[in-house]
1. Using the structure shown, decide if L76 is in contact with a helix residue (DSSP H, G or I) (Cβ under 6 Å, 6 or more places away or on another chain), crowded, with 22+ Cβ neighbours inside 10 Å, in contact (Cβ under 8 Å) with a residue 12 or more places away in the chain and hydrophobic (A, V, I, L, M, F, W, C).
2. Looking only at the range 87-133, which residues are outside any helix (DSSP H, G or I), among the basic types (K, R) and closer than 18 Å to L186 by Cβ?
3. With modelled with pLDDT of 95 or more, over 19 Å from L193 (Cα atoms) and buried (at least 20 other Cβ atoms within 10 Å of the Cβ) as the only criterion, which of L242, L253 stands out?
4. Taking into account only those residues within the range 305-328 that are assigned to a strand (DSSP E or B) and among the aliphatic types (A, V, I, L, M), which is surrounded by the fewest Cβ atoms within 10 Å (Cβ to Cβ)?
5. Condition first: in contact with a helix residue (DSSP H, G or I) (Cβ under 7 Å, 6 or more places away or on another chain) and farther than 20 Å from D172 by Cβ. Can you find one or more residues in the range 132-143 that meet it?
6. Is it the case, given these coordinates, that K136 is more than 27 Å from T257 (Cβ to Cβ) and either in the same structural domain as G101 (by TED's automatic domain parsing) or assigned to a helix (DSSP H, G or I) (or both)?
7. When only residues in the range 70-86 that are acidic (D, E) and part of a loop (DSSP other than H, G, I, E, B) count, which is farthest from V181 (Cα to Cα)?
Amino acid sequence: MKKRVVALLVILVIFALICPVNNIFAANVSVESESAILFDVDQNSVLIEKEINKKMHPASITKVMTILLACEKCNLDDTITVDNNILLTLPKDAVIADYRGGEKITVRDAILTAYLRSANDAATLLACHISGSVEKFAVLMNEKAKSLGAENTNFTNPTGLTDDNHYTTAYDMALITKAAVQNQKLMEVCSQLKYTLLKGDLRPEDLEITVGHRMLDKDTNQFYQGVVFGKTGFTDAAKSTLVTAAKKDGRTLIAVTLSHEDRFKQYKETKALLDYGYGSFYRFVLSKDDLKSMVTVKRSELANIESDFSVILPVEVKRELLTQSVDVIENEIFVTLKGANEDITQKIGVVTKNKSGAWYIISKIFKIIFTIIGILLLLFILFFIYLIYYVNKRNKKRIAERKKKAQIEANYKYYNM
């Protein structure tokens, strides 16, 4: 029975690696959120899913896209002058950082208050700073979403405030969050979990801001070692939404849970998803250096290893029982992993000519020499053919002249008889 379970898990993982959006169910993880996903960033594969393509209200996790675009489009030290007319467009009950009209802030200020406090005024100010208006920024958001493969997403604002035409999916949010955690500038800014907006002429007191995602906060019971990024959201329409990214054991996982009735249960649910992802699978890697030593090519060739060999395997598949083989097929290098019930093959590089190596130079010299010899031989053959033709032609001419001379002599003797 155990062998059958192991075999099934391996087949499912391999299938997921080939078709990343397919299911891998985990019966021992209870998911109460209406929609949820556990996504492996390194393998671009779905480990757990529940209604991952269902269109849902995202609430403030929308701001992941907002701050991603801010990091891509702006310098962190750029100055934003707070426009009071922009602030007046927000609902009175919207969460804000309480910016004042005429106040000058930096892009970094706005990103941090949008991320840590989920400040809607900060997100709106960023949108207008980048695109000139919320509407134009929404176009930019949707273009970015499509470029990331988020095909079932439509944003109408940078905040996540409820709009019937503002929606996404758990799968799409995983792709957007993946782009966020792979943006070095964003991760540098968002590594700051506490921030003070200093008082000034228009701000009577310092504003202390701390991260809202409790799995990032060491002072909470929900803190989870390895979580590096996360965003919360809530509206009456969306209910509680949560995105969480963790890095541990050389792997990056993203958990997205949408529409949960209870925020604290949602944290437990996210913890269970991450525990499952890190506890039930491991990453098997052969580095470029390891692979290069395994490839045999001609002396005049180079093995160009383009990537590590990397797969996610169930913990039931023992590492010590795995074997690897390398094949070169039509100048492409493939690695095959055996011992995981089904063979797993990946292309990891190509074979090219070693243009800087001695053997390549020698081979080129010999090629030139052989080419010259070939040309000379061809010229010699052509000359020899011409010589034969010329000699034959000359001999025929001589024979004809002799015959003509003999005929003349014969005629002369005849008439003089």
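The values are calculated or read from the model by the stated rules, or taken from the named source; none is laboratory data. Here the structure is a predicted model, which is why all the values come from computation and not from measurement. We place every Cβ from the backbone using ideal geometry, glycine too, and count neighbours over all the protein chains shown.
1. Working: in contact with a helix residue (DSSP H, G or I) (Cβ under 6 Å, 6 or more places away or on another chain): yes; crowded, with 22+ Cβ neighbours inside 10 Å: no; in contact (Cβ under 8 Å) with a residue 12 or more places away in the chain: yes; hydrophobic (A, V, I, L, M, F, W, C): yes.
Taking the combined requirement at face value, the residue does not satisfy it.
2. Taking the range 87-133 as the starting set, the residues that turn out to be outside any helix (DSSP H, G or I) are 88-106, 117-119, 132-133.
Remaining after also requiring among the basic types (K, R): 92, 100, 104, 117.
Within the range 87-133, R117 is the sole residue that qualifies.
3. Numbers: L242 fails: over 19 Å from L193 (Cα atoms).
Answer to the check: L253.
4. Here is the first cut: in the range 305-328, the ones assigned to a strand (DSSP E or B) are 305, 309-314, 323-328.
Those still in the list that are among the aliphatic types (A, V, I, L, M) too: 305, 311-313, 326, 328.
Numbers: I305: 22, V311: 23, I312: 21, L313: 23, V326: 19, V328: 16.
Checked the range 305-328; the qualifying residue surrounded by the fewest Cβ atoms within 10 Å (Cβ to Cβ) is V328.
5. Checked the range 132-143: at least one residue is in contact with a helix residue (DSSP H, G or I) (Cβ under 7 Å, 6 or more places away or on another chain) and farther than 20 Å from D172 by Cβ.
6. Working: more than 27 Å from T257 (Cβ to Cβ): yes; either in the same structural domain as G101 (by TED's automatic domain parsing) or assigned to a helix (DSSP H, G or I) (or both): yes.
In short, yes.
7. Of the residues in the range 70-86, the ones acidic (D, E) are 72, 77-78, 83.
Narrowing the set further to residues that are part of a loop (DSSP other than H, G, I, E, B) leaves 77-78, 83.
Working: D77: 21, D78: 22, D83: 31 Å.
Step by step, filter the range 70-86, then rank; the result is D83.
Here is a yes/no grid of residues against (1) in contact (Cβ under 8 Å) with a residue 40 or more places away in the chain; (2) part of a loop (DSSP other than H, G, I, E, B); (3) buried (at least 20 other Cβ atoms within 10 Å of the Cβ):
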residue: L186; (1), (2), (3): yes, no, yes
residue: V189; (1), (2), (3): yes, no, no
residue: K199; (1), (2), (3): no, yes, no
residue: R203; (1), (2), (3): yes, yes, no
residue: T220; (1), (2), (3): no, yes, no
residue: F223; (1), (2), (3): no, yes, no
residue: K231; (1), (2), (3): yes, no, yes
residue: A237; (1), (2), (3): yes, yes, no
